[in-house]
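The values are calculated or read from the model by the stated rules, or taken from the named source; none is laboratory data. It should be emphasised that the depicted structure is a prediction, and the values quoted were computed from it without experimental measurement. With ideal geometry, Cβ positions are generated from the backbone for all residues, glycine too; neighbour counts draw on all protein chains shown.
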């Protein structure tokens, strides 16, 4: 029987990690393949990708799911990607630890914090500044504010929610580049495991 995790708003913060901190991307081709597969699986299931960030050994997403289809979309995405990765690299066994972690986001503030947290992951890990990291939806959201419809259509996320929440490019940038009070990253601990 499939578990159903409902949230008031339909928004979720999702994380999928490599088993034992295993790298899940060996290069940019792997990242492009994952993004294309993510777009396909989520669109087919009616799940909207709001924000994303690909790190070496994990993926973090903010998803909107109003039809309780996220479990099926994530299962298909992670299983298909793992099979392709294992075949290409000659490895066997599980690529991802568990299925995926998920936390419901029940207020606008939680959604905003999750978006900031996802985009801030590379900076918090000491890899890159938020605005310079190429493997997140941060640049897609900036293109949406710039009104570049062609770039937005080619993107992997739907920035309309971000546009509505933050109201302006300046608001989005200022909030994204700020740090939460107390020095701890917001939404760092994933409580619910799928």
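State which residue is surrounded by the fewest Cβ atoms within 10 Å (Cβ to Cβ) when the search covers only segment 22-66 and only residues that are outside any helix (DSSP H, G or I) and without any contact (Cβ under 8 Å) to a residue 40 or more places away in the chain. Before you say what the answer is, go through the steps one by one.
Of all residues in segment 22-66, those outside any helix (DSSP H, G or I) come to 22-27, 46-66.
When the remaining residues are screened for being without any contact (Cβ under 8 Å) to a residue 40 or more places away in the chain, the result is 23, 25, 27, 46-47, 56.
Values: 23: 14, 25: 21, 27: 7, 46: 15, 47: 27, 56: 16.
Going through the qualifying residues, I end up with 27.
In segment 70-109, what residues are surrounded by fewer than 16 Cβ atoms within 10 Å (Cβ to Cβ) and assigned to a loop (DSSP other than H, G, I, E, B)?
90, 91, 92, 93, 94, 106, 107, listed by residue number.
Tell me which of these residue 93 doesn't satisfy, since it passes every other one: (1) over 26 Å from residue 132 (Cα atoms); (2) within 12 Å of the chain's Cα centre (by Cα).
(2)
Taking segment 6-21 as the region of interest, how many residues are crowded, with 17+ Cβ neighbours inside 10 Å and farther than 25 Å from residue 116 by Cβ?
So the count comes out to 0.
What is the number of the single condition among (1) modelled with pLDDT under 85; (2) closer than 16 Å to residue 62 by Cβ that residue 178 does not meet?
Only one criterion in (1) modelled with pLDDT under 85; (2) closer than 16 Å to residue 62 by Cβ is unmet by residue 178, namely (2).
Of everything in segment 110-148 that's part of a loop (DSSP other than H, G, I, E, B) and surrounded by fewer than 20 Cβ atoms within 10 Å (Cβ to Cβ), which residue is nearest to the chain's Cα centre (by Cα)?
Initial filter on segment 110-148 (part of a loop (DSSP other than H, G, I, E, B)): 125-129, 133-135, 137, 147-148.
When the remaining residues are screened for being surrounded by fewer than 20 Cβ atoms within 10 Å (Cβ to Cβ), the result is 125-129, 134, 147-148.
Values: 125: 16, 126: 19, 127: 17, 128: 17, 129: 17, 134: 14, 147: 23, 148: 22 Å.
In this case the residue turns out to be 134.
Does at least one position in segment 67-74 carry a residue that is more than 12 Å from the chain's Cα centre (by Cα), free of Cβ contacts under 8 Å to residues at least 24 places away in the same chain and on the phi < 0 side of the Ramachandran plot?
Keep residues of segment 67-74 that are more than 12 Å from the chain's Cα centre (by Cα), which gives 67-73.
Next, from what is left, pick out any that are free of Cβ contacts under 8 Å to residues at least 24 places away in the same chain: 67.
Those still in the list that are on the phi < 0 side of the Ramachandran plot too: 67.
Yes, because at least one residue in segment 67-74 is more than 12 Å from the chain's Cα centre (by Cα), free of Cβ contacts under 8 Å to residues at least 24 places away in the same chain and on the phi < 0 side of the Ramachandran plot.
Among the numbered criteria (1) modelled with pLDDT under 80; (2) assigned to a loop (DSSP other than H, G, I, E, B); (3) farther than 19 Å from residue 61 by Cβ, which one does residue 151 miss?
If we test residue 151 against (1) modelled with pLDDT under 80; (2) assigned to a loop (DSSP other than H, G, I, E, B); (3) farther than 19 Å from residue 61 by Cβ, just (2) comes out false.
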